[in-house]
Each structure stands twice: as structure tokens, then as C-alpha cells.
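Undergrad: Can you read through this structure? Questions will come right after.
The values are calculated or read from the model by the stated rules, or taken from the named source; none is laboratory data. This one's a predicted model, so the numbers in the text were calculated from it and none came from an experiment. Using ideal geometry, Cβ is built from the backbone for each residue, glycine included, and neighbour counts are taken over all protein chains shown.
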Ligand code: BJW
Ligand code: ZN
């Protein structure tokens, strides 16, 4: 893949880089995305699984669905895209990944500065008293109840209509404020407030770059669009930067 001399030169002189990732970066690890062909939302409807009301109506069903997802994630490995971002972290004095993913693959790959916007499937908490709950290592997490109040345990994932963790959102906005280059990788940019972050970074002066095999709702606004898979493009970009 050919990269513009402008991108390489800006990156070679940059001190601060921000990265927003979405489900697409984990697609090459075998974790389904949400809205692509064969994605999760073609298997189940978001309104039946991804909101608190659905959980209250049928906690067992929702927990079973997340246990199925946990098993896929647990059996997957970080891919070349995640690993390239680990190496990139060492090239800049400030390098932050803001992820919408709940799969922990950036952390497992070795990235240090990861801001989780939508939670983490490895964590759980009580749906009533909000006390953190132990990991559901048992085969039937749907039967788990809070040790303190007996209410059903829920995954620590931000569902539709729920607030993002305020500290994470604040940290993400700070990354947007300071980034000289901002990447949006593997996200359809349809879910807010995450979808707004690349545009915010651009307003603060960042050079914005999208990495995605498809056009998205923000492609037309980005300074540069790298069309292809993250697991191919990011290692190639890294090679250019190390030259
Ligand atoms: C590759 C690739 C490869 C494939 N390499 N790329 C403003 C305007 C309109 C609506 C709202 C708004 N503000 C808030 C809202 C409401 C709502 C929202 O955004 N709705 C829209 C859908 C219309 N947002 C919320 O409710 C948020 N909360 C909130 O704002 O609270 C305040 C508030 C409350 C109430 C009212 C108003 C304000 C919370 C959002 C939580 C999102 N949660 C989920 C998880 C569900 C649970 C689960 O996991 O089961 O997060 S939804 C789902 O979408 C998940 C993802 O993180 C998120 C984003 O998806 P992502 O990552 O972009 O995946 P895809 O599948 O969409 O795209 C994959 C991309 O990868 C594609 O582009 C591919 O081409 C690409 N790709 N292979 C690179 N190899
Ligand atoms: Zn409780």
C-alpha cells in the first residue's frame, strides 16, 4: 500500500497520536462486528439484547448471549492490527487508544494506554446496587446473583440509552484536544458519542485518518482515508515509519 508523503511526514514529526477503534479491528481475530454482513445485529436485534430493559425482562437470555460472546473472545487472539498499534505506542511520546470494543484485545496485545468507552466483557456488576461482581467463571453466569442484594449480575457493557463512563469520555475528549494525528480504525461511526470524536479531534487541529475497507459516515470529512483491513494497513504503515 502506498501512503501519502504528507501522512508519513506528519507522523514522523508528531509527538501526540490518538486512535479510536471499533469492532473492525477485531474482525481479523474472528470476532464478529455488529453491522457488517454476518455481524452480530443480523443474529439478534439490538433492542432485544443491548439495553437495560431487555436485561430486566429476561436477564438469563441476555447473560447467555454474553457468555456466548465471552467464549468467542476468550478463544481469539490479538491480530496484526492490534500488534502494530502496540509498536506504534513506542514511536510517540503520547499515544492513546480510545476503544469502543469490549473484547480486551488491545490490552492483551500489550497496549498500555487504552481508554474503554463501552466497558469490558470481562467485568460484571450488580444491576441494582452497582457493586462490582466477580468474573462469571462458571458455565452458567445467567444464574449469578449479587452477594449483597441478590439482584441479577450484568456485564459491564454500555448499552443503548446508558451513559458512557464519565471519566473515560473525559479522557477521550482530552486525547482529541491534544492529538496531532487522529486515527479512526474499524468503526462504522454510527454510534454516538464515539462517532463524533474524530471530528472533534479535527476541530482541535488533528490530521485525521480513517482505516476501513468500506466508506463510513465520516469518510468524507477525514483528511485521509486508507481503504483496507486494519491488520494489513497498520503493519505496513508501521514499516514506513520505522524506515
Ligand atoms: C474493518 C475490518 C477490518 C470490518 N479492518 N475495519 C446522537 C445522535 C444520534 C443518536 C445518539 C446521539 N447520542 C446518543 C445517541 C443514542 C445512541 C446512538 O448512538 N444511537 C445510534 C445508533 C443512532 N447512543 C447511546 O445510547 C450511547 N449512550 C449515550 O449517548 O448516553 C447519553 C444519552 C442517553 C440517552 C439519550 C441520549 C443520550 C451508548 C452507546 C452504547 C453502544 N453500545 C454498543 C454495545 C452493545 C452491547 C453489545 O456489545 O452487545 O457498542 S452498540 C455497538 O456499536 C457496540 C460498539 O462499540 C458500537 C459501535 O460499533 P462499531 O465498533 O462501529 O462496529 P460496526 O459493526 O458498526 O462497524 C464495524 C466497522 O469495521 C465497519 O465500518 C466495517 O467496514 C469495518 N471493518 N472489517 C478495519 N478488517
Ligand atoms: Zn447488588
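Undergrad: So which of 120, 101, 113 is within 14 Å of ligand 1 (Cβ to nearest atom), within 23 Å of residue 23 (Cβ to Cβ) and without any contact (Cβ under 8 Å) to a residue 40 or more places away in the chain?
TA: Details: 101 fails: without any contact (Cβ under 8 Å) to a residue 40 or more places away in the chain; 113 fails: within 14 Å of ligand 1 (Cβ to nearest atom).
Just one listed residue meets the conditions, 120.
Undergrad: When you scan segment 190-207, do you find a residue that is under 22 Å from residue 1 (Cα atoms) and in contact with a strand residue (DSSP E or B) (Cβ under 9 Å, 6 or more places away or on another chain), even just one? Don't jump to the end; show me each part of the working.
TA: Here is the first cut: in segment 190-207, the ones under 22 Å from residue 1 (Cα atoms) are 207.
Now narrow it down to the ones that are in contact with a strand residue (DSSP E or B) (Cβ under 9 Å, 6 or more places away or on another chain): 207.
Yes; the residues of segment 190-207 include at least one that is under 22 Å from residue 1 (Cα atoms) and in contact with a strand residue (DSSP E or B) (Cβ under 9 Å, 6 or more places away or on another chain).
Undergrad: Which of the residues belonging to segment 19-56 are assigned to a helix (DSSP H, G or I), more than 8 Å from ligand 1 (Cβ to nearest atom) and closer than 16 Å to residue 157 by Cα?
TA: Narrowing segment 19-56 to residues assigned to a helix (DSSP H, G or I): 23-29, 40-43, 46-49, 52-56.
If we keep only those that are more than 8 Å from ligand 1 (Cβ to nearest atom) as well, we get 26, 29, 42-43, 47-48, 52-56.
Passing the criteria: 47, 48, 52, 53, 54, 55, 56.
Undergrad: If you check residue 188 against the conditions, is it away from ligand 2 (no atom under 16 Å from the Cβ), without any contact (Cβ under 8 Å) to a residue 60 or more places away in the chain, closer than 30 Å to residue 53 by Cα and assigned to a loop (DSSP other than H, G, I, E, B)? Walk me through it before giving the result.
TA: Working: away from ligand 2 (no atom under 16 Å from the Cβ): yes; without any contact (Cβ under 8 Å) to a residue 60 or more places away in the chain: no; closer than 30 Å to residue 53 by Cα: yes; assigned to a loop (DSSP other than H, G, I, E, B): yes.
Answer is no for this residue.
Undergrad: Does residue 76 meet the test of being more than 16 Å from ligand 2 (Cβ to nearest atom), at pLDDT 95 or above and closer than 18 Å to residue 26 by Cβ?
TA: Working: more than 16 Å from ligand 2 (Cβ to nearest atom): yes; at pLDDT 95 or above: yes; closer than 18 Å to residue 26 by Cβ: yes.
Against the criterion (more than 16 Å from ligand 2 (Cβ to nearest atom), at pLDDT 95 or above and closer than 18 Å to residue 26 by Cβ), residue 76 qualifies.
Undergrad: Sticking with this one: With farther than 30 Å from residue 12 by Cβ and in a helix (DSSP H, G or I) as the only criterion, which of 135, 162, 167 stands out? Step through it out loud before you land on a result.
TA: Working: 135 fails: in a helix (DSSP H, G or I); 162 fails: in a helix (DSSP H, G or I).
That would be 167, the only listed residue that is farther than 30 Å from residue 12 by Cβ and in a helix (DSSP H, G or I).
Undergrad: A follow-up question, please. Those residues that are closer than 14 Å to residue 181 by Cα and crowded, with 18+ Cβ neighbours inside 10 Å, I need them from segment 201-224; list them, please.
TA: 201, 202, 206, 207, 208, 209, 210, 211, 222
Residue by residue, here is whether (1) over 30 Å from residue 12 (Cα atoms); (2) surrounded by fewer than 17 Cβ atoms within 10 Å (Cβ to Cβ); (3) touching a strand residue (DSSP E or B) at 6+ places or on another chain (Cβ under 6 Å) holds:
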residue	(1), (2), (3)
36	yes, yes, no
42	yes, yes, no
45	yes, yes, no
53	yes, yes, no
69	yes, no, no
80	no, no, no
86	no, no, no
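Undergrad: Please tell me if residue 225 is in contact with a helix residue (DSSP H, G or I) (Cβ under 9 Å, 6 or more places away or on another chain) and more than 21 Å from residue 114 (Cα to Cα). So that I can check it myself, show each step before the final result.
TA: On the way: in contact with a helix residue (DSSP H, G or I) (Cβ under 9 Å, 6 or more places away or on another chain): yes; more than 21 Å from residue 114 (Cα to Cα): yes.
Here the answer is yes, as residue 225 does meet what is asked.
Undergrad: Please verify whether residue 102 is more than 16 Å from ligand 2 (Cβ to nearest atom) and in a strand (DSSP E or B), treating the condition exactly as stated. So that I can check it myself, show each step before the final result.
TA: Values: more than 16 Å from ligand 2 (Cβ to nearest atom): yes; in a strand (DSSP E or B): no.
So residue 102 does not fit the description; no.
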